[in-house]
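Student: Structure provided below as structure tokens; questions to follow.
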Amino acid sequence: MTFELTQDYLNHIQAAIEAGDVELLQTEMAELFPADISGILDELEPESAHYLLSLVDKSVGAEIIANLDPVERTNLLKLFSSEEIAPFINQMDSDDAVDVLNQQPIQTREEVIGLLEDREQARFILDLLHYEDGVAGSLMQKELIRINVNLTVNACIEEIRQQAEDVENVYAVYVVDDAGKLLGLVSLKKIVLARKNAKIADIYDDDVVFVETYRPVAEVAEVMQKYDLDAIPVVNVQQRLLGRITIDDVVDVITEQAEEDIQVISGLSGEAEDDDSVWQRSKVQLPWLVAGAIGSLLAATVINGFQSELGKVAALAAFIPIIGSTGGNVGIQTSSLILQSLTDTSGLSITMAKRLLRTLLVAIINGLVVGVIAGVYTFIIGEPRLFFVVATSLLSVVLLASFMGTVTPLLLNRIGINPAIASGPFITTANDLIGIGVYFLIAQLLLTEL
């Protein structure tokens, strides 16, 4: 049964903390998964979270800390001394430990590493700390099972028993040579079924997918998705096995990237939480709202410049909303398709010329259909003279919006800027402005006899 955090339960835990009811709190926490307790700590004040975390077992506490929201975790660990943090770090996988320590002041980080009882863990952490964020080396963990290619199956089993104590999940056994170079992997099934005196060299699979430490994490995620891997080994430029990246870390990367793209596409300049202050939420939403307001004011300026046309044919104003909304919608749809195509790294993606041609053909079809529908409406409202104005304007707006929705993300991607920023408010506002300008220019040209 899954746990659901409610306000009543949170109040119950808070009351127990204030009363110092250790027995009740330990009983309650013993019934929950570490991820559930992390959710509780995220909602508590740092002082209360510090007290509750001090009551759980260190191995459980390590999982809880690893699952905490990074911002909440940083605020919480400010209340812990280096001596209090070290036992939790000692129980973590090396990659999680590095994530936590990278958020701490340098002095605290060095003190914690010096206090670690597991010196191998300390060495693993030091090895990982020098990798930059965003590359495979920063995402990998050092804990894995490696065996020498020259071992027998019987000796291999003994090695697995010794090494597996520090490995939480065993997805595969990696095979290396005397220099530590990755040769391949062998499944546990093969090891169990093989004869005891058989050589690992005779049963391992040398067809292994791996990534180098310098590969971008986005590329790692693509490789693991493509080959449906639970874990992938990480090697250096000499092909020596250094660590592995597990699927849970890749899911975190994919989720984080998706959240960032959604925020940008939605016009948010940062991450917003339900418990943020009014000012914090305002700062997240305000930048793009201001940009959108400026764009709308510019559109109003364009409309004001065509007062004479509106004075001649007041019905022109009735079609301003559909011109603006159609351009914005087409721009968003087109840019979304382009963003999706940019994630295709198979090498089979079409050229820019073909992409533009396809976009043009689709835009012509869509523009003609929408234009004719809107044009027919001009007869319904008794303004048949606006048929060609509205129909031509919508066709033109759809073509321009499709062009912008295609070219903008492609150009941004070419110069190394996140193409997701081309979506949302930017394209919507730009197309509103261009669409209205085109509409009135066409009206001015086609209604000159009035």
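Student: Scanning the chain for helices, which whole DSSP H stretches are 20 Å or more long along the axis (Cα) and average 0.5 or more by Kyte-Doolittle?
Tutor: Those that clear 20 Å and a mean of 0.5 are 278-304, 320-342, 352-380, 387-414, 425-446.
Student: Then there is this: Let me have the 222 nm mean residue ellipticity of the chain computed from DSSP H runs of 4+ only, each contributing -39500 (n - 2.57), with the sum over all residues rounded to the nearest 500.
Tutor: It lands at -20500 deg cm²/dmol.
Student: A follow-up question, please. Tell me whether the range 45-189 comes out rounded, prolate or oblate; compute the Cα gyration tensor, take square roots of the eigenvalues as a ≥ b ≥ c, and use a/c under 1.5 as the rounded threshold.
Tutor: prolate
Student: In the structure displayed, which of Lys58/Lys190; Lys142/Lys196; Lys142/Lys189 lie more than 31 Å apart, Cα to Cα?
Tutor: In this structure, Lys58/Lys190 exceed 31 Å between Cα atoms.
Student: Kindly work out what percent of the DSSP beta bridges joining two residues of the range 94-229 are antiparallel, to the nearest 5.
Tutor: 70 percent
Student: Ok, one more. What accessible area per residue, rounded to a whole number of Å², is obtained for the chain using a probe radius of 1.4 Å?
Tutor: Ligands and nucleic acids excluded, the result is 54 Å² per residue.
Student: Mean-square fluctuation check for the chain, GNM, Cα pairs under 10 Å: which of Phe306, Phe440, Phe403 is largest?
Tutor: Phe306
Student: Follow-up question, since we're still on this one. Which of the peptides 241-248, 127-134 is most tightly packed, and how do the rest follow, going by the mean number of other Cβ atoms within 10 Å of each residue?
Tutor: Per-residue Cβ counts within 10 Å, averaged per peptide and sorted highest first, yield 241-248, 127-134.
Student: Only sites in a loop by DSSP and with at most 16 other Cβ atoms within 10 Å count here; which GluC sites (Glu not before Pro) in the range 156-188 make the cut?
Tutor: Here the GluC sites (Glu not before Pro) that fit, given the DSSP loop and packing criteria, are Glu168.
Student: Restricting to bridges with both residues inside the chain, how much of the DSSP beta-bridge set is antiparallel, in percent to the nearest 5?
Tutor: DSSP beta bridges in the chain are roughly 75 percent antiparallel.
Student: Further, regarding this structure: By a straight-distance test (C-alpha under 18 Å), which aspartates and glutamates pair with Lys226 as possible cross-link partners, with residues fewer than eight away in the same chain excluded?
Tutor: Asp207, Glu212, Asp248, Asp249, Asp252, Asp344
Student: On the full set of protein chains, 1.4 Å probe, figure out the accessible area of Thr301 and give it in Å² to the nearest 10.
Tutor: It works out to around 90 Å².
Student: Another question, then. How would you order 5-17, 63-75 from highest to lowest mean count of nearby Cβ atoms within 10 Å?
Tutor: Output ranking for 5-17, 63-75: 63-75, 5-17.
Student: Go through the range 1-31 and name the GluC sites (Glu not before Pro) that are in a DSSP coil and have 12 or fewer other Cβ atoms within 10 Å of their Cβ.
Tutor: Counting only loop positions with at most 12 other Cβ atoms within 10 Å, the GluC sites (Glu not before Pro) in the range 1-31 are Glu4, Glu31.
Student: How about the range 159-238: which trypsin sites (Lys or Arg not before Pro) there lie in a loop by DSSP and see at most 11 other Cβ atoms within 10 Å?
Tutor: Those that pass, being in a loop and sparsely packed, are Arg195, Lys196.
Student: Enter the accessible area of Glu110 (Å², nearest 10), with the probe set to 1.4 Å and all protein chains included.
Tutor: Using a 1.4 Å probe on the heavy atoms, I get roughly 120 Å².
Student: Now a separate question. Accessible area, 1.4 Å probe, largest first: how do Arg358, Arg385 sort?
Tutor: Arg358, Arg385
The values are calculated or read from the model by the stated rules, or taken from the named source; none is laboratory data. Since the model is a prediction, treat every value here as computed from it, not as a measurement. Here the Cβ is made from the backbone with ideal geometry for all residues, glycine too, and neighbour counts use every protein chain on show. Ligands, DNA and RNA are stripped out before the accessible areas are found, and what is left, the full protein with its side chains, is counted by its heavy atoms. Shrake-Rupley method; radii C 1.70, N 1.55, O 1.52, S 1.80 Å.
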